[in-house]
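Q: After the structure tokens below, expect a handful of questions from me.
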Amino acid sequence: MDPAAIEYVRDGAEIYRRSFATIRAEADLAGLPADVARVAVRMIHACGMTDLVRDLDHAPGVVEAAREALLRGAPILCDAKMVAAGITRRRLPADNEVVCTLDDPRVPSIADLIGNTRSAAALDLWGDRLDGAVVAIGNAPTALFRLLELVALGAPPPAAVIGVPVGFIGAAESKEALAASDLPHLVVRGRRGGSAMTAAAVNAIASEEE
Ligand SMILES: C/C1=C2N=C(/C=C3N=C(/C(C)=C4\N[C@@](C)([C@@H]5N=C1[C@](C)(CCC(=O)O)[C@H]5CC(=O)O)[C@@](C)(CC(=O)O)[C@@H]4CCC(=O)O)[C@@](C)(CC(=O)O)[C@@H]\3CCC(=O)O)C(C)(C)[C@@H]/2CCC(=O)O
């Protein structure tokens with residue numbers, strides 16, 4: 001093939017501009033508050049599914065609560081390294097700490113002790129950092145269930161929970177449980193979710209820059 005015949009957009013800023021314009025043209029954002037719509041656009045950008053809005057649910061004020069927490073310097077607590085890796089550090093307003101405790105050497109023994117996955121056990125190491133934090137769960141349904149258990153057991157509540165685990169076993173149920181809780185939340189109901197979408201939501205909340 002003649003390489004000169006391969007045509008594609010090479011300008012990153014132009015790619016972003018066209019992507020966001022396409023999403024705003026195709027997605028039905030009309031029922032969402034402006035701040036949630038901005039987050040939805042970036043989540044759709046990460047997964048390519050413009051019908052995602054259909055499954056998006058949020059507690060009133062959740063984006064504002066998460067943003068204020070970040071401005072105060074709250075940490076972002078992630079279930080998976082993939083979520084943590086996807087968060088763009090330069091967007092964070094207070095050089096916020098991004099935490100994932102999954103690889104802590106204590107996690108396997110905690111998992112044995114509590115009879116749960118490593119993803120769930122890792123949350124037991126969040127401790128007092130949970131107080132007023134922004135929680136981003138994009139992979140493991142058991143991590144979201146564990147968060148709800150810890151809060152029910154008296155752990156300090158986070159400022160906001162981006163609860164977007166993906167999959168077939170427990171994903172929909174864990175997000176329903178979060179949506180029914182008192183925690184300020186943003187969820188994608190059903191099986192859809194994932195680390196990329198979750199990191200994109202945090203990135204949108206962290207900075208108003210497109
Ligand atoms: C059951 C699990 C599911 N994992 C999914 C999807 C993906 N997971 C990837 C990777 C690399 C990781 N998944 C683990 C979190 C691992 N996955 C699980 C667990 C067995 C249990 C979690 C749960 O059900 O709540 C979990 C291991 C555990 O004991 O907690 C991971 C820690 C495994 C590992 O490598 O050790 C690891 C996360 C690493 C990290 O980022 O920190 C995938 C990339 C799949 C792959 O490797 O092929 C993919 C990523 C999806 C995403 O967007 O994040 C499901 C679908 C969520 C699934 C749970 C639901 C289901 O099966 O129905």
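We did not get these values from a lab; they are worked out from the coordinates using the rules stated. Just so we're clear, the structure is a prediction, and the values are computed from it rather than from any experiment. Note that we place each Cβ from the backbone using ideal geometry, even for glycine, and neighbour counts take in every protein chain shown.
Q: State log₁₀ I(q)/I(0) for the stretch 89-155 at q = 0.15, 0.23, 0.27, 0.29 Å⁻¹ as given by the Debye formula over alpha-carbon point scatterers of equal weight, solvent excluded.
A: -0.49, -1.04, -1.30, -1.41
Q: So which chymotrypsin sites (Phe, Trp or Tyr not before Pro) in the stretch 121-208 are both in a DSSP loop and have at most 12 other Cβ atoms within 10 Å of their Cβ?
A: Of the chymotrypsin sites (Phe, Trp or Tyr not before Pro), the ones in loops of the stretch 121-208 whose Cβ has at most 12 other Cβ atoms within 10 Å are F168.
Q: Considering only the other residues whose Cβ falls under 12 Å of the Cβ of A155, what net charge follows from Lys and Arg at +1 and Asp and Glu at -1?
A: Residues near A155 contribute -2 overall.
Q: Which order do the peptides 20-29, 36-45, 6-15, 95-104 come out in when sorted by mean C-beta neighbours inside 10 angstrom, highest first?
A: Peptide ranking by packing, descending: 36-45, 95-104, 20-29, 6-15.
Q: Now for a different question. Could you grab the Rg to Rh ratio for the stretch 1-64? Cα atoms only, Kirkwood for Rh.
A: In the stretch 1-64, Rg relative to Rh is 1.14.
Q: Let me know the whole percent of all Cα-Cα pairs from the stretch 15-129 that are separated by more than 24 Å.
A: Result for the distance tail: 43 percent.
Q: Could I ask something else about it? With an 8 Å Cα cut-off and a minimum separation of 6 or more residues, compute the relative contact order for the chain in percent.
A: Once divided by the residue count of the chain, the mean separation gives 24 percent.
Q: Sorted from largest down, what three extents in whole angstroms do the Cα atoms of the chain have along their principal axes?
A: Between the extreme Cα coordinates on each principal axis of the chain lie 60, 41, 35 Å.
Q: I'd like the Kirkwood hydrodynamic radius of the stretch 35-74, using the inverse of the mean 1/r over distinct C-alpha pairs, in Å.
A: Averaging 1/r across every pair of different Cα atoms and inverting gives 11.1 Å.
Q: OK, next. Using only the Cα atoms of the stretch 95-210, what are the Rg and Dmax in Å?
A: Gyration radius and largest Cα-Cα distance of the stretch 95-210: 13.5, 44 Å.
Q: For the stretch 109-192, what relative contact order do you get, as a whole percent, if you take Cα pairs closer than 8 Å and at least 6 residues apart?
A: RCO, the stretch 109-192: 27 percent.
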